[in-house]
Each structure stands twice: as C-alpha cells, then as structure tokens.
Amino acid sequence: MAFLNLKNGVIARNSILNFVGQSIPLAVGVVSIPLVIKGLGVDSFGILSLAWMLLGSFTLFDLGLGRATTKFMAEEMRNGETETLRTLFWTSCAMNLSLGVTGGLVVAGLASVLAENVFRLPPELIETARATFLILAIATPIVLVSTAIRGALEAAQRFDYVNSISVVSSSLTFLLPMLGVLLGLGVRGIILLLLFARLGGALAYLLSCFKVFPILRKGVSLDLRRVRRLLAYGGWVSISNVLNPVFVYLDRFLIGSVISIAAVAYYTAPYEMITRLCILPASMTMTLFPAFSAMGMASREELTTLYARSVKYLLLLMGPLVMLMILFAREILQWWLGIEFAKMSLSVFQILSAGVFFNALAHIPHALLQGIGRPDLTARYHLIELVVYIPLMWLLVTNAGIPGAALAWSVRVLLDSMLLFAASGKFTSFRVYRERGLMRGVSVVAVMGVLLVASLVFEPTLLLKAAIGATLSMLFALAAWRYVLDTNERKQLGSTARQFVRLAGRTRRKEIEALESQKRL
C-alpha cells in the first residue's frame, strides 16, 4: 500500500492534517468556554463539564473494538484483501452497536444515583443533572458505532475525511453550549444539541467510508468467526479503555464529591486547556498506529527508525512549548478566565503542564506496543498504575485540594511514561536511538527544564519572564539545530522553510497585483 511508504510524506502530511483538525476546535474552546461559564454560572458549567467527561469516556463500553478495527483493517489492506474488509467493518459496527445499547442502559440506570448521591449539587440542579445523564445514555450507542467507523478511515490513512468531519463535530462541542446560552436553553437543551451533533458526525463518517471502501455498498456482511479475533486483541485494549476514564476523570469525581462542584470548574478549565497540548502527540500517533500495525516486527531497523525520530521530534516540539506555558501560567489564566480563576487555578495549571509533557511522550511507545500486537503490556501497566493512583488521588485531594489532584495525575502519567518506554526498548534498537539523536534530544530538554525551574524560584516579573522565555527559546532552538538534528534533517527543514517563504512571496505578489488591478479599474 502506498501509505506504508514512509518516504512519500504521507505520514507527515497526515500528522499535519490531524494537528490542524484538532487545533481548530481548541481555538474555538478557548474563545467559547469563558462565555459559557459566564452564561451558565459555575455550578451549571460544572454539570456541563461532567457531560463532556461522560461523552469522552463512553469508550468504557467499547471493549477495544475501535482500535482492533484500525489494526486489522490496516493489515488486510497491506495484504490486498477486500471482502475481508467488508466483514471486518460490519462485524465491528454490529458489535459496537450492541455494546453501546448495553452501555446506554447502564448510564440510564445510574442517572438518579449520580445526580442525587455521587455529586454535591445544589438542590435546584439535581433534576437538571438527572435529565442530562438520561440524554447522555441515548448518545452512548452513537458514540461507540462512530469509533468503529472512524477506525476504518484511519486504517486507510484517510485523515482528510476524518479531520474534515471531526473539526465540525469537535467545534460544535463548544459552539453549541454557547448557542444554547444565547438562546436561553439551559444545560438540558445544550445536551440535546450535542446529541444531534454526535449523530450527524456518525452519519458523515459512514458516508465517507462508503467512498473509501466501495465494497461496503454491497451490503452488510457479518462473520461471527471474526468476533473472536477482534475480541482477542480488543480484550487487552478494553482493559486500558476501562481504566482510562478512571485515570482521566477520577480527579473530577473526587473533587466534586469531596470539595464542591465549583471546585470542579476551577480544576476543569485549566485541565481542559493544558491537556489540549496533547493534540501534538495525538496527531502523530493517529497516523503512526496504522503504520506500526502494518509494519509489525518484519523490519526492526525500519520500525526503530520511525519510532526514534517520532519521539525526538515530539521532544523538540513539546519541550519549549510546555516550558513557556509554565513560565507564563498566571498571565495565560488571567487573560483567558480572569483574575479569580488565575488565583484559584495557577498551581493546578503549572503542575498539570509538567504532567502533560510526560503524558505526551508516552503516546508514541503506547502506539508502538499496540501496533506490533502487544496491547497486553499496556493493559498490565495500567493495572499497576491503578493500584497506585486511586489511593494517591484520594489522599492528595483530601489534604491538598485541587493542586493535590493535579499532582496525583502528574505522578501517574510520569509512571506510565517510564513503563511504556522501558517496554518499547525490548522491541527496538538502542543503537538506532543514538544514531538518530534521540538521547541528545533528551539531554537538551532536561537541561532547559532545570534552567526553567531555577528561574521560577525568584518569582520573576512579567518583563523578566519575557526575557527568560526568549533566552530559553533561543538556546533551545540553537541546541536542537546544532546538537540534536542530523545533517539530512537540517537540510529537509531548510528546504521546507525555503518553500514556505517562496509560497508566501508568490501569494503576496498576487495580492499586490490584484490590488493594483482594482485601482486601475
């Protein structure tokens, strides 16, 4: 398959597509969230935050089938199979639909318990919360079927379709609450709008699959023999899927039950902002996972080269970005959410920023291990982390409030990153790490991190922060260019920069010519 040829730029192009596709909703969220908080109030926004949380955690019922669909369809495309693609696709969709209906019934059954007993809600919002959970129950099968359909598109590396749909769907996640506020709909009305948006996204994914895989138009084809194959792989992935919502949302559950629903808002807003930085590694791994799946262990040298370069590039992207976020945390929060949020959420933002750095790096070894058929390792590591995470989160939330929750989350993702990198080392070559400059990249990021921490000890003013940020950025860029990147990589970057400059110059000349033409007319 063409997309497996790593020299043709498809992986780089798709990573950029994925980044743009996730950046646009991020920008929409940055603008809309303050308006939604102001319109709904802190307590009602806390309920909306929980609704977003549940929509994101419905993979709890997926049993790993979305990931399995991507892996096995990528393998079959490499082998040139077509009829197998049709049976894999429809069998996975049917299984996800069944699981989604089951999951929806579970959510509906727990609606009253969640609203009345789990969260500390003001009495006047209990009925609103109950209705919200019931509406979300209807969305469960829609979300799960969408994961299988989207997984097929990802296996084909058709991220043009994936991102054109996800940009609209993800942006509506933030725009519809703002529209609901303007129309005076309240939380229940907003959740209904989100439900219809998810349904529209699922239909759009399905129509795109019909274009990419014309064989699907022949009709539904189920093969129960493939259920075992999907579940054998997906079973291990499902363990991680079941635990991921715990890792991602346990902090908010405990904050809401131990402290207050208002504290959930003070924690969620900076969390949602800083964790959006993970669109960089997510953009890469969405493309890398099907590539790793198709490559397998057939060529360890090629696999390691792709892996090492991916980690190195991610280090160089995330390192300076996270450092600047930590340095200017107070100013960012004040500009975005105001002085009150900056006061309450500053330490949360800075601690989570450090955690996000390690969480971002862990994306790539996670994709590698699952791509080569070892999801059992990632699942076992998550079980180990769970034993540590739950008591640690409870202890720190109880004694340190929302900064404690941020610290517990960051410790967990650091442990996860260490375990995944240690495991991936067994299937790759350390020699290639050295040859590709990965170890030099690690040393540069470590040195810059130490300099950043040292500068924060003196509580610098905004002007001094600007000077520190500019100095660190220049030093980092110089070290990366001269010490981390090899000759070929520098040439490629230089060539890309020159192409961009020429393109910008041609565009500017065309604009000038158009203006002159209009003046003559």
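Each reported figure results from applying straightforward, stated rules to the coordinates on display, with no laboratory input. On a predicted model such as this, the values are computed, not experimentally measured, just so you know. Note: ideal-geometry Cβ built from the backbone for every residue, glycine included; neighbour counts use all protein chains shown.
How much length is gained if the chain between residue 183 and residue 450 is pulled fully straight, taking 0.36 nm per residue apart and subtracting their Cα-Cα distance, in nm to one decimal? Intermediate results must be reported in sequence, preceding the final value.
Details: separation 267, 0.36 × 267 = 96.12 nm, distance 4.96 nm.
Contour length minus Cα-Cα distance gives 91.2 nm.
Restricting to Cα pairs below 8 Å that are 6+ residues apart, what does the relative contact order work out to for the chain? Please round to a whole percent.
Relative CO of the chain lands at 18 percent.
What ranking, highest mean first, results for peptides 268-274, 447-453 when packing means the other Cβ atoms within 10 Å averaged over each residue?
Result, highest mean first: 268-274, 447-453.
For a 29 Å ceiling on Cα separation, which of these pairs sit above it: 71/218; 71/491; 71/312; 71/211?
Exceeds cut-off: 71/491.
Order by neighbour count: 416, 486, fewest other Cβ atoms within 10 Å first, most last.
486, 416
What net charge is computed for the residues neighbouring residue 133, neighbours being all others with C-beta under 13 Å from the C-beta of residue 133, Lys and Arg scored +1, Asp and Glu -1? Please report the intermediate quantities before stating the final value.
Working: positive: 130, 188; negative: 116, 127.
The answer is 0.
Which of the aspartates and glutamates could be linked to residue 465 by a straight reach, that is with a Cα gap under 15 Å, when you skip same-chain ones fewer than 8 residues away?
Those aspartates and glutamates meeting the cut-off are 331.
FRET efficiency for residue 383 and residue 470, Cβ-Cβ distance as r, R0 = 56 Å, nearest 0.05?
It comes to 0.80.
Compute, for the chain, the length of the dipole vector about the Cα centre, with Cβ point charges of +1 (Lys, Arg) and -1 (Asp, Glu) only. Units Debye, rounded to 20.
In total the dipole reaches around 1640 debye.
Can you order the peptides 170-176, 27-33, 42-48 by their average number of other Cβ atoms within 10 Å per residue, highest first?
42-48, 170-176, 27-33
Could you sort 456-465, 382-391 so that the peptide with the highest average Cβ count within 10 Å comes first and the rest follow in order? Walk me through the numbers before you get to the answer.
Values: 456-465: 11.0, 382-391: 15.1.
Final packing ranking: 382-391, 456-465.
Shape call for the chain from the C-alpha gyration tensor, a ≥ b ≥ c root eigenvalues: rounded (a/c under 1.5), prolate (a/b greater than b/c) or oblate?
Here the chain falls in the rounded category.
What's the center-to-center distance, using Cα atoms, between the stretch 145-216 and the stretch 226-259 in Å?
If we compute the Cα centre of each part, the gap is 22 Å.
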